[in-house]
Amino acid sequence: MKIYNFLNDFDDAYNADGSQKIVSLKFIAKDGVEHFIPNGIKCGLNVGNMQLFHLRGIQPVKILKDGKIIPISNPKSFRWYLITFYDNKKGLKGDITF
């Protein structure tokens, strides 16, 4: 997956029907540990310029049987060039093209 395809897809927070987009994501954190979030929604971060610092935010969630989405932990920030898995697609690490 190319980086501009990921950014376009991830930055669309809602589906065509108006519901929040649920994504799965695996990324390497700044401490070197790989994190996997099977269900998450896009969220903002308290950072001045997310594009300058190459950051995005994801909120891990639990999906109930009635379709409700409940946050299960704090939002996590990640650098988009350290993604190894995104929605059943090969990761971006080593495949960054603009």
Checklist entry - So if we plug the beta-carbon distance of residue 2 and residue 55 into 1/(1 + (r/R0)^6) with R0 = 22 Å, what FRET efficiency do we get, rounded to 0.05? => result 0.70
Checklist entry - Among 54, 35, which comes first, then next, by fewest other beta-carbon atoms within 10 Å? => result 54, 35
Checklist outcome for this item: For residue 55, the net charge from surrounding residues (Cβ-Cβ under 11 Å; K, R +1; D, E -1) works out to +4
Item to check | Karplus-derived HN-Hα couplings along the stretch 33-45 (A = 6.51, B = -1.76, C = 1.60, θ = phi - 60°), whole Hz, x at Gly and Pro | outcome: 8, 8, 10, 10, 10, x, 9, x, 10, 5, 9, x, 10
Item to check | Proxy reagent accessibility, fewest Cβ within 10 Å first, across 24, 73 | outcome: 73, 24
Item to check | Likely footprinting exposure, 2, 76, 65, fewest C-beta neighbours within 10 Å first | outcome: 65, 2, 76
Checklist outcome for this item: The extension gain from residue 36 to residue 62, computed as 0.36 nm times the residue separation minus the Cα-Cα distance, is 8.0 nm
Checklist entry - How high is the relative contact order of the stretch 3-90, in percent, with contacts defined as C-alpha pairs under 8 Å that are six or more residues apart? => result 28
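Read-outs: derived from the displayed coordinates by stated rules, not from any lab. All figures in this text were calculated on a predicted structure; none of them were measured in a lab. Here Cβ is always computed from backbone atoms with ideal geometry, including for glycine, and neighbour counts include all displayed protein chains.
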